[in-house]
1. Give the residues of region A:181-219 that are closer than 25 Å to residue A:23 by Cα and among the acidic types (Asp, Glu), sorted by residue number.
2. Could you tell me whether residue A:85 is more than 25 Å from residue B:206 (Cβ to Cβ), facing chain B (nearest Cβ under 9 Å) and surrounded by 15 or more Cβ atoms within 10 Å (Cβ to Cβ)?
3. Given the residues B:87, B:75, which is the only one that is aromatic (Phe, Trp, Tyr) and modelled with pLDDT of 85 or more?
4. With the condition being at pLDDT below 90 and of a type in the set (Asp, Glu), I'd like the strands (runs of 3 or more DSSP E) fully within region A:142-250 carrying at least 1 qualifying residues.
5. Name the helices (runs of 4 or more DSSP H) wholly within region B:119-235 that hold at least 3 residues that are loosely packed, with under 15 Cβ neighbours inside 10 Å?
6. Please list, ordered by residue number, the helices (runs of 4 or more DSSP H) wholly in region B:1-110 having 1 or more residues that are surrounded by 19 or more Cβ atoms within 10 Å (Cβ to Cβ).
7. Return the residues of region A:97-121 that are farther than 11 Å from residue B:187 by Cα, assigned to a helix (DSSP H, G or I) and within 13 Å of chain B (Cβ to nearest Cβ); say none if nothing qualifies.
8. Identify, by number, the condition in (1) within 14 Å of chain B (Cβ to nearest Cβ); (2) surrounded by 19 or more Cβ atoms within 10 Å (Cβ to Cβ); (3) basic (Lys, Arg) that residue A:76 doesn't meet.
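The values are calculated or read from the model by the stated rules, or taken from the named source; none is laboratory data. Worth saying up front: this structure is predicted, and the values here are computed from it rather than measured. Here the Cβ positions follow ideal geometry from the backbone for every residue, glycine too, while neighbour counts run over all protein chains shown.
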Amino acid sequence: MPVIFENVSYVYGENTPFEHKALDKIDLTINDNEITGLIGQTGSGKSTIAQLCNGLYKPSEGRVIVDGVDINADKKKKRDNFFKVGLVFQYPEYQLFEDTVEHDIAYGPKNMGLPEDEIARRVKEAAGFVGLDEEALKKSPFDISGGQRRRAAIAGIIAMEPKYLILDEPAAGLDPMGRDDILKKLKKYQREKGISVVIISHSMEDMAKFCDRIIVLSRDGIYKCGTKAEIFEDPKALREMGLSVPQITKVVYCAERLGVKFDRPIYTVDAAFEDVMKMLDGGETV
Amino acid sequence: MIRDITLGQYFPGTSPIHKIDARAKIIMTLLLIIAVFVASSGFAFALLFVVSAVIFLMSGISAKTLAKGLKPIVFILIFTTLFQIFFTRTGTLLLEWWIIKIYSNGIIFAIKMFIRILVLITTTSVLLSYTTSPIVMTDGIEGLMTPLSKIGVPVHDFALVMSIALRFIPTLLEETEKIMSAQKARGTEFSTGSLMKRARALLAVFVPLLASAVRHAFELADAMICRGYRGGKGRTKLNKMKFRFSDFIWLILAGGVLAGVIYLNTVPIDPLNMIFV
């Protein structure tokens, strides 16, 4: 079942001089079994949406429905919702605290009250998904590299085996190799588990490469929800919101004006490369 | 939310009280505190009450704000007042019921204690916290302590440490909030469970918080070195504090209040004593 926002508003610091409306009457749906990308400028409310999904924030107005239930209806079930909707915060590596990486990954499952052997199985599996080896698991989280710490933090949430996994800028601050690697692993994880994953990002390149569906947020609410083709068909509107189509798509537009014909819309470098190679083999020249 | 706590409770403004030099304000506060503790006669307390009321009215701080600031001491105020009333056993017996005996001196001491605490809190909070920004305050303390640097006290470093501490309170609060949310999302419960469980839950916040505080410290130190910081020697200020003639007058007034209190203590008639004659 999907995550549904019904007419949701969120106001920070309600009834104080610092009152600030982050979301205004938003409707959105996060589908099952796909990767949804959430993109928007700074201050468009991406992180707020993330924290509304798992119930850390309570909407000032409207309802957030997960698995057919309003998550804020029953206060006692609040905690279950944290386990159902796993949330990886921005720069999650700064929240590691246990003596070893292994214990830190086990922290969430332990809070769920799972038996020891189940915890051990989950820790092993989660560490495998993010690519942490046995040696790293035994180390202190303060002794491993930044990229590894990021993986450990993500594994800590994956180990809770949430039905919905939300990641706020999972690749921010990593080098290009690390970025691609972590996003690829998340995609693989999603495909294997068949769960619903939401990735919040600034990068259209990442969105185009890894997401099945994209939600674009502007400061006035949701600009568009849809497939890549639907989102990227109007580059001008995106630019007005401080966003843009992927760079390779721009290059392809220019190439098409020069007379090169691509037989599908291009959003990733890999796809462009594949098509160009095909053209060259076919003897076509620019 | 934790973030909403106003730091130091400074309210920007342009009242005469706001304009007093921070150094003068600190000395004035000290003089008035001494006066509050020296005061013993009813006249002296009346004078102090009027003075603190005038300072409060001149500052333009709303009564609501002051009341909010006084809230935490209401309990102490009531407790000490009642304590004085019920446990003083001198003067004439006014009332006796079961084990409770109330004497005239009890009432008098209670009134004095009440005014003492009220005046103390009102003057210090209006003069220092409500009308002086934390940064100016630090500058003021540094200014007053400068003579100590002659005997080797690291006054500048001390002031720097203080302003950095003030600067980082909101940052660390924000960080605490973030870490708490992140741990909550992993199922940490901060307000339920046994004492051991709660202590462990707090550990999940303090360890990352401490780590980030240390990280901030190193980053800040690096940034300061990169910008050529090398201590207080030869350092000039962007906003130089000026001690004006009016500040001098304020100091004399505060000194006058202290002198007045000392004088009024010696007046043989005490209006408070006369109530029960």
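1. A:206, A:212
2. It is true that residue A:85 is more than 25 Å from residue B:206 (Cβ to Cβ), facing chain B (nearest Cβ under 9 Å) and surrounded by 15 or more Cβ atoms within 10 Å (Cβ to Cβ).
3. Numbers: B:87 fails: modelled with pLDDT of 85 or more.
It is B:75.
4. Passing ranges: none, list empty.
5. Output list reads B:155-184, B:195-226.
6. Result: B:16-19, B:22-38, B:42-59, B:74-87.
7. Scanning region A:97-121 gives A:103, A:104, A:105, A:106, A:119.
8. Exception for residue A:76: condition (2).
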